[in-house]
Amino acid sequence: MSLLGQSPIAWILFAYFIAATPVGLVLGRLRGVDIRAVGSGNIGATNAVRALGRKWGLVVFALDFLKAFAPVSLAARADALGGLPEPEAALAMVGAAATLGHIYPIYLGFRGGKGVACALGVFMALVPAAGLLAALLYVQTLVLTRVSALGSLTAVNGATLFILLTPTPTPYKALAAGLAALIWWRHRSNLGPLIADARARKQERERSRR
C-alpha cells in the first residue's frame, strides 16, 4: 500500500511541497550563482541557461520536469489515487498542485518559475501523447525561432488543444485549460517583445520583396 494511501489531500500537499523545491536556485547556489540576480531573475530552466550555461540549464529543466512527473505518476498508481473508482478529478488536482508549487513556492515567498517544465511533467504523467506532442513542438519552435518563450507557449497550446479535442477525461481537459491560461499569464512580460519581433520580421520580409 502506498505510504500516502488514497487520500487526495495528502497527495495534493505532497505534490505541492515537492514541486515547490527551487532546484534552479539550489543548483545555482551550489555553483556560486544566485540565478535570481541574472537575466530575468526567474528560477526556471531558461534563466538557468543564462546564469549557469546550457548543460546546467538542461539539468534544471530535467529536475523541474521530474518534480512534477514523479508525484503525479506515483499518485496514479493502483495502490494510491489510481485505485479510486473515478480517480481523474483527484489526479487533476495533484497535477495542478505540482505546477502551482513550482510557480508559487512557499519556500521563496511564493515567487517561482513559469511552470512550463512542470506542466510538461504533468501532461506526460496523465496524457503521455499530449506530453510528447508538447516536447516536440517546443524543440521544433526553439530550433526555428531560437526563442524559448515562443517554444513554451506553442508547446502548451499544442498539448492543451490535443487534450481538449481528444476523448480524455473532463477533469484533464479542465486542468489543461487552466495550466495553459496560467502559463500564458506567467509569460505576459514576454508577449510585448514577441509581438515586436514578429512585426520586425514581417517588415523585413516585405522590404526584401521590393
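The values are calculated or read from the model by the stated rules, or taken from the named source; none is laboratory data. Model, not experiment: these values are computed from the prediction. In this analysis, Cβ positions are derived from the backbone assuming ideal geometry, glycine residues included, and neighbour counts consider all displayed protein chains.
At-a-glance table
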| read-out | value |
| --- | --- |
| Failed item, numbered, when residue 103 is tested on (1) out of contact with any Pro (no Cβ under 9 Å at 6 or more places or on another chain); (2) more than 18 Å from residue 187 (Cα to Cα) | (2) |
| Out of 151, 131, 82, 109, sole residue that is free of Cβ contacts under 8 Å to residues at least 24 places away in the same chain, within 18 Å of residue 184 (Cα to Cα) and surrounded by fewer than 24 Cβ atoms within 10 Å (Cβ to Cβ) | 151 |
| The listed residue being touching a Leu at 6+ places or on another chain (Cβ under 7 Å) and not aromatic (Phe, Trp, Tyr), out of 54, 31, 50 | 31 |
| Residue selected from the range 6-24 under the condition in contact with a Gly (Cβ under 9 Å, 6 or more places away or on another chain), crowded, with 22+ Cβ neighbours inside 10 Å and among the aliphatic types (A, V, I, L, M), by the criterion farthest from residue 82 (Cα to Cα) | 19 |
| Answer from 99, 46 - the residue that is modelled with pLDDT of 95 or more, hydroxyl-bearing (Ser, Thr, Tyr) and surrounded by 15 or more Cβ atoms within 10 Å (Cβ to Cβ) | 99 |
| Any hit, the range 99-112, residues being of a type in the set (D, E, K, R), over 29 Å from residue 170 (Cβ atoms), under 19 Å from the mean Cα position of the chain (by Cα) and not in a helix (DSSP H, G or I) | yes |
| The listed residue being closer than 24 Å to residue 148 by Cα, surrounded by 17 or more Cβ atoms within 10 Å (Cβ to Cβ) and either in contact with a Cys (Cβ under 6 Å, 6 or more places away or on another chain) or not hydrophobic (A, V, I, L, M, F, W, C) (or both), out of 28, 39 | 28 |
| Residues of the range 98-134 satisfying the condition of being among the β-branched types (Val, Ile, Thr) and within 13 Å of residue 20 (Cα to Cα) | 99, 103, 106 |
| Complete set of residues in the range 46-81 that are assigned to a helix (DSSP H, G or I) and farther than 30 Å from residue 4 by Cα | 46, 47, 48, 49, 50, 51, 52, 54, 55, 56, 57, 58 |
| Close pairs from the range 25-41: first in contact (Cβ under 8 Å) with a residue 24 or more places away in the chain, partner not in a helix (DSSP H, G or I), Cβ under 8 Å, at least 6 apart | 25/34; 25/43; 28/34 |
| Residue, modelled with the highest pLDDT, within the range 145-157, restricted to residues that are under 18 Å from residue 196 (Cβ atoms), assigned to a helix (DSSP H, G or I) and of a type in the set (A, V, I, L, M, F, W, C) | 153 |
| Options 160, 166: the member that is farther than 18 Å from residue 187 by Cβ, polar (S, T, N, Q) and modelled with pLDDT of 95 or more | 166 |
